[in-house]
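Report on the structure given below.
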Amino acid sequence: KAFERNPNLDIFGSQIIEFIDSKNQFVRCNLKKVPYSNFAIKKSLDLRNSINHPTVVFKKKKILEIGGYENISFFEDYHLWLKARKKNCKFLNSSVPLVLMKRESLTKRRQGFVYAKYELNFYLISLGQGLIKLITIFIFPLRVFSRILPSRISFLYYLIPWRNNYTTCLNPKYLEEFSLESLKIISKKFKY
């Protein structure tokens, strides 16, 4: 429907609701927010990957025109969106979460020196291809620092606004049919 309403649209995604798999009736869940408009998505790409890849639908022809995916470990998707921005592709994210995604843990994330090395590689390639601005050199050390934080202080990571949307919801295993209402989200701050 998004592509029917906007024929110029190239890449469409949405927010995600992540949850930890368990046998409990209620589970911890997280709304992984993303900006909605083309302008906001493109602007935020300098700071973070603002597209939730599991939600993405795109025009294959357009993605092939910009060169498709490149082999950049852990950052293939983010790099693709940067290339799409440079070629002026049109983005849109739905404000409604369209994917419910099981995670091993809401606190586990990619971290460590090895992952920081992959991120540095991604940064240097993107900078060399003119996909990001040189000003992001000031942001990059903060990103690397967050990757190498000891686990006992990694809670600082969740001070980032788009990482702090935890609440409780009904375990999706108990749902006969999925809808946002059927999740029985237990929080007023968890808005969509």
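The values are calculated or read from the model by the stated rules, or taken from the named source; none is laboratory data. Because the structure is predicted, anything quoted here is derived from the model rather than measured. Note that we place each Cβ from the backbone using ideal geometry, even for glycine, and neighbour counts take in every protein chain shown. Keep in mind that these areas ignore ligands, DNA and RNA; they rest on the heavy atoms of the full protein, side chains included. Shrake-Rupley method; radii C 1.70, N 1.55, O 1.52, S 1.80 Å.
Worth pointing out:
- Boolean, Thr107 is farther than 26 Å from Gly130 by Cα and at pLDDT 95 or above: no
- Within segment 87-107, restricting attention to residues that are over 19 Å from Tyr123 (Cα atoms) and among the charged types (D, E, K, R), the residue that is most open to solvent (accessible area, probe 1.4 Å) is Glu104.
Residues checked against (1) out of contact with any Ser or Thr (no Cβ under 9 Å at 6 or more places or on another chain); (2) closer than 30 Å to Asp21 by Cβ; (3) at pLDDT below 75:
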{"site": "Gln129", "(1), (2), (3)": "yes, no, no"}
{"site": "Ile135", "(1), (2), (3)": "yes, no, no"}
{"site": "Phe140", "(1), (2), (3)": "yes, no, yes"}
{"site": "Leu156", "(1), (2), (3)": "no, yes, yes"}
{"site": "Pro161", "(1), (2), (3)": "yes, yes, yes"}
{"site": "Asn164", "(1), (2), (3)": "yes, yes, yes"}
{"site": "Thr167", "(1), (2), (3)": "no, yes, no"}
{"site": "Leu170", "(1), (2), (3)": "no, yes, no"}
{"site": "Phe178", "(1), (2), (3)": "yes, yes, no"}
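- Check on Ser73, over 27 Å from Val27 (Cβ atoms) and hydroxyl-bearing (Ser, Thr, Tyr): yes
- Test: residue in segment 17-24 that is touching a Phe, Trp or Tyr at 6+ places or on another chain (Cβ under 9 Å), in contact (Cβ under 8 Å) with a residue 12 or more places away in the chain and of a type outside the set (A, V, I, L, M, F, W, C): no
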